[in-house]
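Just below is one structure, and these are the notes that go with it.
The values are calculated or read from the model by the stated rules, or taken from the named source; none is laboratory data. Just so it is clear, the model here is predicted, and its values are computed rather than measured. Cβ atoms come from the backbone with ideal geometry, glycine included; neighbour counts cover every protein chain shown.
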Amino acid sequence: MKKKVTAIKGTKDILPPETRKWQWVEERARTVFERYGYRELRAPVFEATELFEKGTGESSDIVLKEMYTFTDKGGRSLTLRPEYTPSVVRAIIDHRLYLQPRPLRFYYIGPMFRYDKPQKGRYRQFHQMDIEVFDEKDPGIDAEIIQMATVLLKQVGVADYQILVNSVGCPRCRPSYIQKLREAAQKVREKLCPDCQRRIEINPLRLFDCKIETCQALAANFPKITDNLGEECQQHFIQFQHYLQVLGISYRVEPRLVRGLDYYTRTTFEFVTSALGAQDAILGGGRYDEMMKQFGGPDLCGIGLAVGVERLLSLIKFQPSNPEFIYIIYLSEEGKEEAMKLAAELRKEVDCLLEYKPRSLRNQLSRANKLGATWTLIIGEDELKTGRFTLKHMASGHQASYSSAALLEHFKSRGDQ
RNA sequence: GUGAGCGUAGCUCAACUGGUUAGAGCACUGGACUGUGGAUCCAGAGGUUGGGGGUUCGAGACCCCUCGCUCACCCCA
């Protein structure tokens, strides 16, 4: 093999027939999102780097080490979006969308970019289906979003998952909790692993995530965020869970569920599965009540979720079948011209494939068979003489002759069914 | 960024302890077969064994470097 030009690390070509599966999932997602009142908002794939530094958060792993950042010819620092939420917030402020009747609901399906080391279920270009709600502080919406996600999963035939929920508090109650947690960890610092010792300063919430047994045992005695929420956050969390129960959704409170984005407040949640390897989250999200304000917009709260399309697809066994089509066969120049005209007509009603390499009848039938044609339409000497063309159903071998008008009528009535 | 495993034809894989000109199945193209496909048979095309260096009379195999893929850590979709 000569020097290869390949897709770059962590990116993938999505080829037919795999693309059918994507279209199928995307279509179902759109239908569900629209049904819950969401409308599509398409933002650019790149933004000012600053948007993510402020939005996603300077201390998040995403901003610290995972962004595709570059300088354009005008000297601006731009970044391929690693997530969607800051872009929507920016668009809302940009276009004063908050002046429209609120709450606002948007969805989007598209690629995201993170400079991560690729592994199972994790790519540098990956795709998310994302929904966001602004200016709805009632915990009912938190529950509704989760209920909608269960509907989406059901629509695409995914059943093997668990719902984890948590509350991470807000800027009023979280700092004092973090302080408490740090103090508890400091007392047993010597017994913790080096990683955990670093976590005490950097990200104490991660102390609960350590895989080492001794650390886990110690962490079990650390104070939990869910026991240290402020009054309002506490009420929100209780109500949220109440509404989940009202909607008949089973879930597990997981106080360790922190999520890597700095901006979350109160509700966070994740849908996990055992079928994905180490990257077990198929969908995740939460509330970000402070973001809009931080960008100088109005003080509107927000909540959203992102579904990982690759991860979702890897759980879906189903492969949609190819649509039916006619492979048109001809045997002479005169037949070719008739075939071209007929194909143009028939395509108003049915998929047609016409090929231009001269082949024998046998050869063309063989090719039609390989390509999976539902029917072949034969235009040979006899057909040209009589003006009646032979339509052959490939699976059964049954064939019959039709005038061109009758053919069109035949497929038109099929389409109406 | 750290660690481990793996790189032979488009795909799946062979090639003994290092030993001729690196093979097979599937797929592809053509033919047997000039108006009836799926089957069978024949033929063709397809490789710098990821790349570079080293050891050796001799390397697909052994050693070093490098690139790529995969999985895991961190973190996340």
Study note, to complete from the structure: All conditions in (1) more than 8 Å from RNA strand B (Cβ to nearest atom); (2) assigned by TED's automatic domain parsing to the domain that holds A:Arg266; (3) closer than 28 Å to A:Glu26 by Cβ; (4) not aliphatic (A, V, I, L, M) are true of A:Gly297 except (3)
Exercise for review: For A:Gly285, work out the one condition from (1) assigned to a helix (DSSP H, G or I); (2) under 30 Å from A:Ile14 (Cα atoms) it doesn't fulfil.
Suggested key: (1)
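Taking the stated definitions as given, is A:Asp135 among the charged types (D, E, K, R) and assigned by TED's automatic domain parsing to the domain that holds A:Leu78? Steps first, answer last, please.
Details: among the charged types (D, E, K, R): yes; assigned by TED's automatic domain parsing to the domain that holds A:Leu78: yes.
The answer is yes for A:Asp135.
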Practice item. Look through A:Ala149, A:Ala143, A:Ala91, A:Ala159 and report the one residue that is of a type in the set (A, V, I, L, M, F, W, C), surrounded by fewer than 19 Cβ atoms within 10 Å (Cβ to Cβ) and modelled with pLDDT of 95 or more. Key: A:Ala91
**Study point:** Every pair of residues 6+ apart whose Cβ atoms lie under 9 Å, when the first sits in the range A:391-417 and is more than 15 Å from A:Ile379 (Cβ to Cβ) while the second is within 16 Å of RNA strand B (Cβ to nearest atom) and part of a loop (DSSP other than H, G, I, E, B)
**Key:** A:His393/A:Thr374; A:Met394/A:Gly372; A:Met394/A:Ala373; A:Met394/A:Thr374; A:Ala395/A:Thr374; A:Arg414/A:Glu324
Exercise for review: Being free of Cβ contacts under 8 Å to residues at least 12 places away in the same chain and charged (D, E, K, R) is the filter; apply it to the range A:337-373 and report the residue that is farthest from RNA strand B (Cβ to nearest atom).
Suggested key: A:Arg347
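Within the range A:92-113, which residues are in contact with a Leu (Cβ under 9 Å, 6 or more places away or on another chain) and under 26 Å from A:Arg311 (Cβ atoms)?
Here is the first cut: in the range A:92-113, the ones in contact with a Leu (Cβ under 9 Å, 6 or more places away or on another chain) are A:92, A:97-98, A:102-104, A:106-108, A:111-113.
Across the range A:92-113, the qualifying residues are A:Phe106, A:Tyr107, A:Tyr108, A:Pro111, A:Met112, A:Phe113.
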Revision key, fill the gap. Only one of (1) closer than 25 Å to A:Leu312 by Cα; (2) surrounded by fewer than 20 Cβ atoms within 10 Å (Cβ to Cβ) does not apply to A:Ile131, and that is (2)
Point to revise | Residue list for the range A:374-417, restricted to those being among the β-branched types (Val, Ile, Thr), within 8 Å of RNA strand B (Cβ to nearest atom) and within 40 Å of the chain's Cα centre (by Cα) | key: A:Thr376
Review point. So which residues in the range A:294-335 are surrounded by 17 or more Cβ atoms within 10 Å (Cβ to Cβ), among the aliphatic types (A, V, I, L, M) and not in a helix (DSSP H, G or I)?
Key: A:Leu300, A:Ile303, A:Leu305, A:Ala306, A:Val307, A:Leu315, A:Ile326, A:Ile328, A:Ile329, A:Leu331
